[in-house]
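For reference, the structure discussed in these notes is given below.
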């Protein structure tokens, strides 16, 4: 829909590197990539799970193991993990990494389904400040809609500040020392953050591309049930899993609670959507479509923001993604009357932005989340059954309704 304007040559020169080689190690800094590889095996790499780094924070422990629980959107025959220290101020060394299928919910790894992870053939890896690394492929049959345990042993005793994702809505686990091959017993402490883990790629022949769900706390899952994987991108992945193999897509969640479209927010909210495009829409994972649901935090918290400013931000975002050959689905902004930061002036901006999203033709398709979740008797509010209670974020039923609104044929 709509015409695509040409961009400067420098922007058109974005390199989409296909990471289908094995074994490989990737170190990325300031857009530069280095790789050693041998020919690929059957299948291609898609984004099985992903999150967005928001800022840096001190590790909750030193000389310890972090066991991250992640929920895969697609299955396959091998996995590869991505570690990112995007906002860290110093390098961090990871001494031992494993992946495992859980024997039961929680931290329990199934011993027969636990695998060592290496980086260029060795198990220790150094992640420089501002950089990311990808592991060698790990042969392991995984299933979409199931969890994977990713354990990272950090040998340094000092509690350094590393990149993390604050709002996992998932219980993750901590143990002293190197417990990366252990069962659940050593993991006596918990956290609701994901530290350093940026993504899990899956080598698959079942799906044809990756969809990135882009946004703020509504995409991040605020208001959904913890440990239940009821974020709307999870539910979209469930819908896609029911399609024939040639029409399935993996789904990555690039939501950050508090994130804004055109301006940086507080540290835990990440840099603006326009700034983080380069890191949070990963190259080489078959990204076909980005679904953009973002802008309500600009309206709530940036005093005096105008519809024109947000529209200019959307135009820039769409043009940047189109230059990378990625389709963009624009979502209307949800109603939020009753929320603490609601004002009549802010709601007028939201209504104007939604009208433009629906009618401008700038997006390749439109997801009308506003129409799907608003109260018919009061369109400025979420309908009661979809409201988590804070009048801003949907609850589980609301996220299900939002995911059901996505037209799968446009992906």
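If I filter region 317-336 for residues that are surrounded by 19 or more Cβ atoms within 10 Å (Cβ to Cβ) and more than 23 Å from the chain's Cα centre (by Cα), do I get at least one hit?
yes
Return only the number of the condition from (1) in contact with a helix residue (DSSP H, G or I) (Cβ under 8 Å, 6 or more places away or on another chain); (2) surrounded by 22 or more Cβ atoms within 10 Å (Cβ to Cβ) that residue 151 does not satisfy.
For residue 151, the exception is condition (1).
I'd like the full set of residues that are closer than 20 Å to residue 215 by Cα and either at pLDDT below 95 or out of contact with any strand residue (DSSP E or B) (no Cβ under 8 Å at 6 or more places or on another chain) (or both), limited to region 343-359.
Correct list: 346, 349, 350, 351, 352, 353, 354, 355, 356.
Out of 344, 376, report the one residue that is under 13 Å from residue 300 (Cα atoms), surrounded by fewer than 13 Cβ atoms within 10 Å (Cβ to Cβ) and without any contact (Cβ under 8 Å) to a residue 12 or more places away in the chain.
One residue alone meets the criteria, 344.
Take the conditions touching a residue at least 40 places away in the same chain (Cβ under 8 Å), in contact with a strand residue (DSSP E or B) (Cβ under 9 Å, 6 or more places away or on another chain) and assigned to a helix (DSSP H, G or I) and apply them to residue 398. Does it pass?
Criteria met by residue 398.
Mind listing just one residue for me: the one in region 225-259 that is buried (at least 24 other Cβ atoms within 10 Å of the Cβ) and either assigned by TED's automatic domain parsing to the domain that holds residue 164 or assigned to a loop (DSSP other than H, G, I, E, B) (or both) and, of those, nearest to the chain's Cα centre (by Cα)?
Step by step, filter region 225-259, then rank; the result is 256.
Would you check which residues across region 308-320 are under 22 Å from residue 355 (Cβ atoms) and either in contact with a strand residue (DSSP E or B) (Cβ under 7 Å, 6 or more places away or on another chain) or in contact (Cβ under 8 Å) with a residue 40 or more places away in the chain (or both) and list them?
Answer for region 308-320, where residues must be under 22 Å from residue 355 (Cβ atoms) and either in contact with a strand residue (DSSP E or B) (Cβ under 7 Å, 6 or more places away or on another chain) or in contact (Cβ under 8 Å) with a residue 40 or more places away in the chain (or both): 309, 310, 311, 312, 313, 314, 315, 316, 317, 318, 319.
Let me confirm something: among 279, 219, 289, which residue is in a helix (DSSP H, G or I), touching a helix residue (DSSP H, G or I) at 6+ places or on another chain (Cβ under 8 Å), touching a residue at least 40 places away in the same chain (Cβ under 8 Å) and not assigned by TED's automatic domain parsing to the domain that holds residue 58?
219
The values are calculated or read from the model by the stated rules, or taken from the named source; none is laboratory data. Treat the numbers as computed from the prediction; the structure is a model and nothing was measured. Every residue, glycine among them, receives a Cβ derived from its backbone with ideal geometry; neighbour counts consider all protein chains shown.
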